1. Consider all pairwise Cα distances in the stretch 75-160 and report the whole-number % of them above 19 Å.
2. May I ask for the distance between the Cα centers of the stretch 40-71 and the stretch 233-298, given as a whole number of Å?
3. Taking 0.36 nm per residue of separation and subtracting the Cα-Cα distance, what length does fully extending Ala248 through Lys44 add?
4. Would you mind estimating how fast the stretch 99-221 diffuses translationally, via Stokes-Einstein at 37 °C and 0.692 mPa s with the Kirkwood radius over Cα pairs, in µm²/s?
5. Once the Cβ-Cβ distance between Asn338 and Ala295 is put in as r, and R0 is 45 Å, what FRET efficiency do you end up with, to the nearest 0.05?
6. Give me Tyr401, Tyr242 sorted ascending by neighbouring Cβ count inside 10 Å, so fewest comes first.
7. With labels modelled as points extended 7 Å from the Cα through the Cβ direction, what inter-label distance (nm, one decimal) is found for Asp168 paired with Thr182?
8. FRET efficiency for Lys349 and Glu235, Cβ-Cβ distance as r, R0 = 41 Å, nearest 0.05?
Amino acid sequence: MISYKNLLAAALLLPLTLHAAPRRHVLVMSIDGMGAQYLTQADKYGLKIPTLRQFKREGVYADGVIGVLPTMTYPSHTTMMTGVTPAEHGVYANQKFDPLGTLHGEAITEADTIKVKTLWQAAHDAGYTTASVGFPVTTDATGIDWLMPANGIFEGRSEDGAAAAKADPNRHYDHPAGLRETLAPDVAEMHASDLEQTRVAWTIAILRHYKPNLMTTHLGDLDHAEHTTGPFSQESLAALEYLDGRIALLIAEEKKIDPDAVIVIVSDHGFEPVEKTFNPGVLLTEAGLLQPAAAGAPGDWKASFWNTGGTAAIVLKDPTDKAVLTTVDALLQKAAANPEYGIASVLRKADIEKTGGFPTASFVIEMKLSFKIGNGRKGAVVTDTPHTGTHGYLPQRPELYASFLMMGPGVVKGKDVGLIDMRQVATTLADLLGVKLSSGAKAKAVAYAK
């Protein structure tokens, strides 16, 4: 028989046991568009990035992260938070498929688009507190205790040129509802004047007030500079140097909470310089396969395109229509044979399935260096867009490799882990936290431990 005295002793010991094993703190920062070459060739470009350089001396780093198809922000971030490909997690692009051009680039923002368990959900289920600022596809996400989503309605500016859906005046996009108002004094105190500064301020304020075990934040100014002026331009280099200072601020705040916190820096893709834009919609329109919506006419389509920067998915309204499939195949092969169009390759269904991207596409067009996809449905097939940049190409190009860095107690110092798969980001973070993702997340965690 168990005595009262023994029960009392056990009860007194319980809180001491819990206190002796505190929950780990992890800060994950995503630097949008920070291709691996910014780090592997930092000396070549004379980059003043002391914080990022510190990771190579004192932590684990990859020579590059081979991403997903398409190498776009939203599918890539979702892979890093789930450990599976876009075909499995359900986020195929940054923007919704819009065959007739009526959505004007509306972004995919709703978390229920994701079909598998996220890292936030896994951590929350395991008892961790979680927070996120500016991560794509997190609107109304479950498993995030303090949430400021990447959403053009909520933030006042869209990501990667994606348009925001119409605002619902009765809807709260932050969580808990009113979190933005709660953090407003902190944002004002830090004199945040644009979206990037506001995201940094929100992250610092959440760290100070709530001390989440898992904090994720997404910063996009480098990506915006690269789209406008190209990768490794003076503007892009300056943007990364500025971000290096913001990264240092966020690390300092995290270390105030837990000096033993682990810091992880990731990115979603690299970049290619662009000089010309190819508009597949013009060819589809001229072939009678696409009738764009116009004033007074709803439009119609048999085949249309899904623009993802350096690639485009060609989607058939009826994928079983063999006549249309044959017509589109012939059209694309003819276009690929024209050097002025800049097409590097055309993938058919069997090849697309091997990539883990675009499960609804019958074809995927990839562009050559210096070409990108445009949204034109009428007019010129090719237009000039000099001194700009984009991504979205097949992930095997070294210029598209993303970045991975990790530093903290228990993490080996100065270890180069070579090239890794983007799915390993999620499984490594899950291993670090001791949590389980969905059964499809099978990529081996990076060997980070001492």
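A short reminder: the numbers here are calculations on the coordinates, not readings from a lab. Note that this is a predicted model, so its numbers are computed, not measured. So basically every Cβ, Gly included, is an ideal-geometry build from the backbone, and we count neighbours across all protein chains shown.
1. 38
2. The two parts, judged by their Cα centres, are 17 Å apart.
3. 71.2 nm
4. 219
5. 0.90
6. Final ranking by Cβ density, sparse to dense: Tyr242, Tyr401.
7. Each label point lies 7 Å from its Cα, and together they span 2.1 nm.
8. So, using R0 = 41 Å, E works out to roughly 0.55.
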